[in-house]
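Q: Below: one structure in structure tokens.
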Amino acid sequence: MSGVGLTIYGVTALVFMMSMYALERRNRAFILAFAVGCMLASSYGFLSGAWPFGAVEAIWSLIALRRYAAAVRESRQPG
């Protein structure tokens with residue numbers, strides 16, 4: 001991937017990730033979308049050679065997936 005293409009990908013991934021984070025309280029689907037955004041940002045980090053950034057974003061994606069699973073479980077509980 002070219003330098004400009006990689007930069008555009010990174011900016012797009014980060015804007016998507018932050019937008020989904022801002023919308024999380026509206027619907028639990030945005031938590032899942034935030035996890036996807038973190039995965040995209042992680043891949044950008046690894047592709048750009050910034051592996052610490054890639055690793056941190058991968059961890060955040062796992063945290064977001066756990067939060068999504070908890071939100072689904074909570075919505076299924078009666079009461």
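Q: On a 0 to 90 degree scale, rounded to 10, what angle separates helix 51-76 from the longest Cα axis of the chain?
A: Approximately 20 degrees, to the nearest 10.
Q: To test your reading of the geometry: what angle, between 0 and 90 degrees and rounded to tens, separates the Cα axis of helix 29-48 from the longest principal axis of the chain?
A: 20
Q: Please arrange Trp51, Trp60 by how many other C-beta atoms lie within 10 Å of their C-beta, fewest to most.
A: Details: Trp51 11, Trp60 19.
Ordered from fewest to most neighbouring Cβ atoms within 10 Å, Trp51, Trp60 come out as Trp51, Trp60.
Q: Bin width 10 Å, alpha-carbon pairs only: give the P(r) of the chain as whole percents, running from 0 to the bin holding the largest distance.
A: Percent of Cα pairs in each bin: 21, 44, 24, 9, 2, 0.
Q: Got the relative contact order for the chain handy, in percent, Cα pairs under 8 Å and 6 or more residues apart?
A: Numbers: 85 pairs, mean separation 21.7, N = 79.
Over the chain, the number comes to 27 percent.
Q: Further question: Which residue, Ala64, Ala35, Ala50, tops the fluctuation ranking in a GNM of the chain built on C-alpha contacts under 10 Å?
A: The residue with the greatest mean-square fluctuation here is Ala50.
Q: Test of understanding: extend the Cα→C-beta vector of Asn27 to 7 Å, then name every residue of the range 40-79 with backbone N under 20 Å from that spot.
A: 64-77
Q: Rounded to the nearest 500 deg cm²/dmol, what is the calculated helix-only ellipticity per residue at 222 nm for the chain, with -39500 (n - 2.57) per DSSP H run of length n ≥ 4? Don't skip to the end; give the middle numbers.
A: Numbers: 3 runs with 67 residues, N = 79.
Computed mean residue ellipticity for the chain: -29500 deg cm²/dmol.
Q: Follow-up question, since we're still on this one. Starting with the fewest neighbours, write out Ser19, Ser75 ranked by other beta-carbon atoms found within 10 Å of each beta-carbon.
A: Working: Ser19 13, Ser75 8.
The most exposed by this proxy come first: Ser75, Ser19.
Q: Taking R0 as 22 Å, what's the FRET efficiency between Phe53 and Val4 from their Cβ-Cβ distance, rounded to 0.05? All intermediate terms of the calculation are to be shown ahead of the outcome.
A: Values: r = 19 Å, r/R0 = 0.86.
Efficiency at R0 = 22 Å is approximately 0.70.
Q: Find which of Leu40, Val72, Gly3 sits farthest along the positive direction of the dipole of the range 3-76, computed with +1 on the beta-carbon of Lys and Arg, -1 on that of Asp and Glu, about the Cα centre.
A: Val72
Q: Continuing with this model, one more query. Size of the dipole of the range 3-76 about the Cα centre, Lys and Arg at +1 and Asp and Glu at -1 on the beta carbon, nothing else charged, in debye to 20?
A: Details: 7 positive and 3 negative charges, 78 e Å.
The dipole of the range 3-76 has a size of about 380 debye.
Here, each number is a calculation from the coordinates, and none is a lab measurement. Keep in mind it's a predicted model, so treat the numbers as computed, not measured. Here the Cβ is made from the backbone with ideal geometry for all residues, glycine too, and neighbour counts use every protein chain on show.
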